[in-house]
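Only one structure is covered here, and it is reproduced in the block below.
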Amino acid sequence: MAYPSYTNQVRETRRSEYQGKLMDLAASLESYRARRFSYKDAGGALGSLAPDLANNDYYTVVVNVTDNNQRYNVVATPKGPQSGDGQLRLDSEGRTCFSKGSTCTLGSSPAWGKR
């Protein structure tokens, strides 16, 4: 049947779109840090940094700030029609990861473009 193949293609297209949106968020977070000298309170600023990511039907996005407000990692957990696809992650060091159908670990799981 063609329907499952079409559904997978739509899911992969959405994933690629949100990977791009997460990279845009990373650029906004760097700008945020340049103005404030830290990522302090950046997790609560998702709505102003990336409104598309703060309220969407496909991923729940969380910005976690660590190491005395000097590092971050972003976790995008699939929801709705994207459920079961696998988390997307990226951090302030530029590392990314994705593992189809599950969670991933930055630094040890495959990066977005290396599956």
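Each value in this text was obtained by applying a stated rule to the coordinates, not by laboratory testing. Note that the structure is a prediction, hence the values are computed from the model and not measured. No Cβ is skipped: glycine too gets one built from the backbone with ideal geometry, and neighbour counts run over all protein chains shown.
Checking every residue in segment 56-72 against the condition of being surrounded by 20 or more Cβ atoms within 10 Å (Cβ to Cβ), closer than 17 Å to GLN19 by Cβ, in contact with an Asp or Glu (Cβ under 9 Å, 6 or more places away or on another chain) and among the aliphatic types (A, V, I, L, M) gives zero matches.
For segment 6-64, taking the residues that are of a type in the set (Phe, Trp, Tyr) and closer than 15 Å to ALA76 by Cβ, the one that is farthest from the chain's Cα centre (by Cα) is identified as TYR58. Would you check which residues across segment 73-107 are touching a residue at least 24 places away in the same chain (Cβ under 8 Å) and over 16 Å from LEU22 (Cβ atoms) and list them? Across segment 73-107, the qualifying residue is only PRO81. In a residue-by-residue description of segment 9-27, the property of being surrounded by 14 or more Cβ atoms within 10 Å (Cβ to Cβ), outside any strand (DSSP E or B), without any contact (Cβ under 8 Å) to a residue 40 or more places away in the chain and not charged (D, E, K, R) applies to no position.
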